[in-house]
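*Asks:* Below you'll find the structure I mean.
The values are calculated or read from the model by the stated rules, or taken from the named source; none is laboratory data. Every value quoted in this text rests on a predicted model; they were computed, and no experiment measured them. In this analysis, Cβ positions are derived from the backbone assuming ideal geometry, glycine residues included, and neighbour counts consider all displayed protein chains. Ligands, DNA and RNA are excluded from the accessible area calculation, which covers all protein heavy atoms including side chains. Shrake-Rupley method; radii C 1.70, N 1.55, O 1.52, S 1.80 Å.
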Amino acid sequence: MQSSCKRNKQVYIGKNIILSSTEQKRLQNCDFAQFLPQELTLKIFSELDIQSLSNAAMACKTWNDLIENSDSLWYNHCLTVLAVCKRELQCDRASGHSWKVTLMRNYKKSNIKRAWLDGRYSYIHSATELLQNSMCEMDADTWGEILEAELER
(Lines give C-alpha, C1' and ligand atoms only; values in the text may rest on other atoms or scores of the structure.)
Protein backbone atom coordinates (compact mmCIF):
# COMPACT_ATOMS: atom_id res chain seq x y z
CA MET A 1 0.00 0.00 0.00
CA GLN A 2 1.28 3.43 -0.89
CA SER A 3 0.59 6.63 1.01
CA SER A 4 2.23 10.03 0.85
CA CYS A 5 2.98 12.82 3.25
CA LYS A 6 2.71 16.26 1.62
CA ARG A 7 4.80 18.07 4.22
CA ASN A 8 8.11 16.28 3.58
CA LYS A 9 7.17 14.82 0.16
CA GLN A 10 7.90 11.23 1.09
CA VAL A 11 6.08 8.18 -0.17
CA TYR A 12 5.56 5.22 2.14
CA ILE A 13 5.52 1.86 0.41
CA GLY A 14 4.60 -0.98 2.71
CA LYS A 15 5.70 -0.80 6.33
CA ASN A 16 9.42 -0.11 6.18
CA ILE A 17 10.17 1.49 2.82
CA ILE A 18 10.10 5.27 2.53
CA LEU A 19 10.97 7.06 -0.71
CA SER A 20 11.83 10.75 -0.89
CA SER A 21 10.79 12.80 -3.90
CA THR A 22 14.30 12.59 -5.37
CA GLU A 23 14.27 8.80 -5.01
CA GLN A 24 10.84 8.70 -6.65
CA LYS A 25 12.13 10.68 -9.65
CA ARG A 26 15.20 8.46 -9.92
CA LEU A 27 13.02 5.33 -9.88
CA GLN A 28 10.60 6.74 -12.45
CA ASN A 29 13.46 7.22 -14.88
CA CYS A 30 15.16 3.87 -14.28
CA ASP A 31 15.00 0.78 -16.42
CA PHE A 32 13.37 -2.07 -14.53
CA ALA A 33 15.21 -4.58 -16.72
CA GLN A 34 18.52 -3.46 -15.23
CA PHE A 35 17.39 -4.16 -11.67
CA LEU A 36 15.19 -7.24 -11.97
CA PRO A 37 16.49 -10.74 -12.61
CA GLN A 38 16.42 -11.59 -16.30
CA GLU A 39 13.83 -14.35 -15.75
CA LEU A 40 11.41 -11.87 -14.19
CA THR A 41 11.99 -9.29 -16.92
CA LEU A 42 11.32 -11.97 -19.55
CA LYS A 43 8.12 -12.94 -17.70
CA ILE A 44 6.95 -9.30 -17.92
CA PHE A 45 7.77 -9.13 -21.62
CA SER A 46 6.04 -12.47 -22.24
CA GLU A 47 2.73 -10.88 -21.21
CA LEU A 48 2.90 -8.39 -24.12
CA ASP A 49 1.09 -8.84 -27.42
CA ILE A 50 3.08 -8.88 -30.65
CA GLN A 51 2.75 -5.15 -31.35
CA SER A 52 3.67 -4.16 -27.79
CA LEU A 53 6.63 -6.55 -27.78
CA SER A 54 7.89 -5.06 -31.04
CA ASN A 55 7.46 -1.54 -29.61
CA ALA A 56 9.28 -2.53 -26.41
CA ALA A 57 12.19 -3.79 -28.52
CA MET A 58 12.49 -0.27 -29.95
CA ALA A 59 12.39 1.46 -26.54
CA CYS A 60 16.07 1.10 -25.65
CA LYS A 61 19.13 -0.97 -26.44
CA THR A 62 18.88 -3.04 -23.24
CA TRP A 63 15.31 -4.08 -23.99
CA ASN A 64 16.10 -4.67 -27.65
CA ASP A 65 19.01 -6.98 -26.82
CA LEU A 66 16.91 -8.90 -24.32
CA ILE A 67 13.86 -9.25 -26.59
CA GLU A 68 15.81 -10.02 -29.76
CA ASN A 69 17.90 -12.70 -28.03
CA SER A 70 14.99 -14.38 -26.21
CA ASP A 71 13.41 -16.74 -28.68
CA SER A 72 10.95 -17.96 -26.04
CA LEU A 73 9.16 -14.58 -26.11
CA TRP A 74 8.11 -15.21 -29.70
CA TYR A 75 7.19 -18.88 -29.30
CA ASN A 76 3.73 -18.35 -27.75
CA HIS A 77 2.81 -15.87 -30.46
CA CYS A 78 3.82 -18.45 -33.06
CA LEU A 79 1.28 -20.83 -31.57
CA THR A 80 -1.54 -18.46 -32.60
CA VAL A 81 -0.18 -18.42 -36.15
CA LEU A 82 0.25 -22.20 -36.08
CA ALA A 83 -3.51 -22.73 -36.10
CA VAL A 84 -3.74 -21.27 -39.62
CA CYS A 85 -0.25 -21.64 -41.07
CA LYS A 86 0.93 -25.00 -39.75
CA ARG A 87 2.70 -26.03 -42.95
CA GLU A 88 4.49 -22.67 -43.31
CA LEU A 89 5.69 -22.67 -39.70
CA GLN A 90 6.95 -26.23 -39.93
CA CYS A 91 8.89 -25.38 -43.10
CA ASP A 92 10.45 -22.28 -41.52
CA ARG A 93 11.43 -24.17 -38.36
CA ALA A 94 12.87 -27.02 -40.43
CA SER A 95 14.91 -24.41 -42.33
CA GLY A 96 16.44 -23.30 -39.03
CA HIS A 97 14.65 -19.98 -38.60
CA SER A 98 14.22 -18.65 -35.06
CA TRP A 99 10.74 -18.33 -33.58
CA LYS A 100 10.89 -14.56 -34.08
CA VAL A 101 11.83 -14.83 -37.76
CA THR A 102 9.19 -17.53 -38.22
CA LEU A 103 6.57 -15.28 -36.68
CA MET A 104 7.61 -12.24 -38.73
CA ARG A 105 7.52 -14.28 -41.93
CA ASN A 106 4.06 -15.69 -41.26
CA TYR A 107 2.11 -13.26 -39.05
CA LYS A 108 0.53 -11.13 -41.78
CA LYS A 109 -0.02 -14.18 -43.96
CA SER A 110 -1.86 -15.92 -41.10
CA ASN A 111 -4.16 -12.94 -40.57
CA ILE A 112 -4.98 -12.71 -44.26
CA LYS A 113 -5.41 -16.47 -44.60
CA ARG A 114 -7.70 -16.52 -41.55
CA ALA A 115 -9.81 -13.73 -43.06
CA TRP A 116 -10.10 -15.60 -46.36
CA LEU A 117 -10.97 -18.87 -44.62
CA ASP A 118 -13.56 -17.09 -42.45
CA GLY A 119 -15.24 -15.85 -45.63
CA ARG A 120 -14.53 -12.12 -45.26
CA TYR A 121 -13.45 -11.93 -48.89
CA SER A 122 -15.95 -14.40 -50.33
CA TYR A 123 -18.18 -11.86 -52.03
CA ILE A 124 -15.68 -9.44 -53.55
CA HIS A 125 -16.89 -8.07 -56.88
CA SER A 126 -13.68 -6.37 -57.96
CA ALA A 127 -10.04 -6.00 -56.96
CA THR A 128 -10.70 -2.43 -55.78
CA GLU A 129 -12.83 -3.82 -52.93
CA LEU A 130 -9.74 -5.42 -51.41
CA LEU A 131 -7.76 -3.13 -49.16
CA GLN A 132 -4.12 -2.60 -50.03
CA ASN A 133 -2.98 -4.15 -46.76
CA SER A 134 -5.22 -7.19 -47.11
CA MET A 135 -2.84 -9.00 -49.43
CA CYS A 136 0.64 -10.42 -49.12
CA GLU A 137 2.76 -12.93 -50.97
CA MET A 138 1.44 -16.48 -50.57
CA ASP A 139 2.57 -19.73 -52.11
CA ALA A 140 0.47 -21.99 -54.34
CA ASP A 141 -0.38 -24.39 -51.50
CA THR A 142 -1.80 -21.55 -49.40
CA TRP A 143 -3.92 -20.34 -52.31
CA GLY A 144 -5.04 -23.92 -52.86
CA GLU A 145 -6.29 -24.10 -49.24
CA ILE A 146 -8.15 -20.82 -49.68
CA LEU A 147 -9.74 -21.90 -52.96
CA GLU A 148 -10.84 -25.24 -51.45
CA ALA A 149 -12.53 -23.33 -48.61
CA GLU A 150 -14.24 -21.06 -51.13
CA LEU A 151 -15.51 -24.01 -53.16
CA GLU A 152 -16.99 -25.57 -50.01
CA ARG A 153 -19.01 -22.41 -49.26
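*Asks:* Identify the residue in the stretch 31-47 that is in contact (Cβ under 8 Å) with a residue 12 or more places away in the chain and under 25 Å from His97 (Cβ atoms) and, among all such residues, is most open to solvent (accessible area, probe 1.4 Å).
*Replies:* Filtering first and then ranking leaves Gln38.
*Asks:* Further question on the same structure: Out of the residues in the stretch 72-88 that are touching a Lys or Arg at 6+ places or on another chain (Cβ under 9 Å) and more than 28 Å from Gln38 (Cα to Cα), which is modelled with the lowest pLDDT?
*Replies:* So, considering only residues that are touching a Lys or Arg at 6+ places or on another chain (Cβ under 9 Å) and more than 28 Å from Gln38 (Cα to Cα), the one modelled with the lowest pLDDT is Ala83.
*Asks:* On to the next question. Considering only residues that are within 22 Å of Thr41 (Cα to Cα) and assigned to a loop (DSSP other than H, G, I, E, B), which ones fall in the stretch 65-117?
*Replies:* Scanning the stretch 65-117 gives Asn69, Ser70, Asp71, Ser98.
*Asks:* Something else about it: What are the residue pairs meeting all of these: first residue in the stretch 100-114, first residue free of Cβ contacts under 8 Å to residues at least 24 places away in the same chain, second residue part of a helix (DSSP H, G or I) and open to solvent by less than 60 Å² (accessible area, probe 1.4 Å), Cβ atoms under 8 Å, and 6 or more apart or on different chains?
*Replies:* From the stretch 100-114, the pairs are Val101/Asp92; Arg105/Glu88; Arg105/Asp92.
*Asks:* Given the residues Asn69, Asn64, which is the only one that is open to solvent by 80 Å² or more (accessible area, probe 1.4 Å), within 24 Å of Glu39 (Cα to Cα) and at pLDDT 85 or above?
*Replies:* Selected residue: Asn69, the only one of Asn69, Asn64 that is open to solvent by 80 Å² or more (accessible area, probe 1.4 Å), within 24 Å of Glu39 (Cα to Cα) and at pLDDT 85 or above.
*Asks:* OK, next. Which residues, counting only those in the stretch 53-77, are closer than 30 Å to Glu145 by Cβ and either in contact (Cβ under 8 Å) with a residue 40 or more places away in the chain or of a type outside the set (Asp, Glu) (or both)?
*Replies:* Within the stretch 53-77, Leu53, Ser54, Ser72, Leu73, Trp74, Tyr75, Asn76, His77 meet the criteria.
*Asks:* Ok, one more. Here's a check for you: in the stretch 78-99, which residue that is surrounded by 13 or more Cβ atoms within 10 Å (Cβ to Cβ) and farther than 23 Å from Ile146 by Cβ is nearest to the chain's Cα centre (by Cα)?
*Replies:* Per the criteria, the residue is Trp99.
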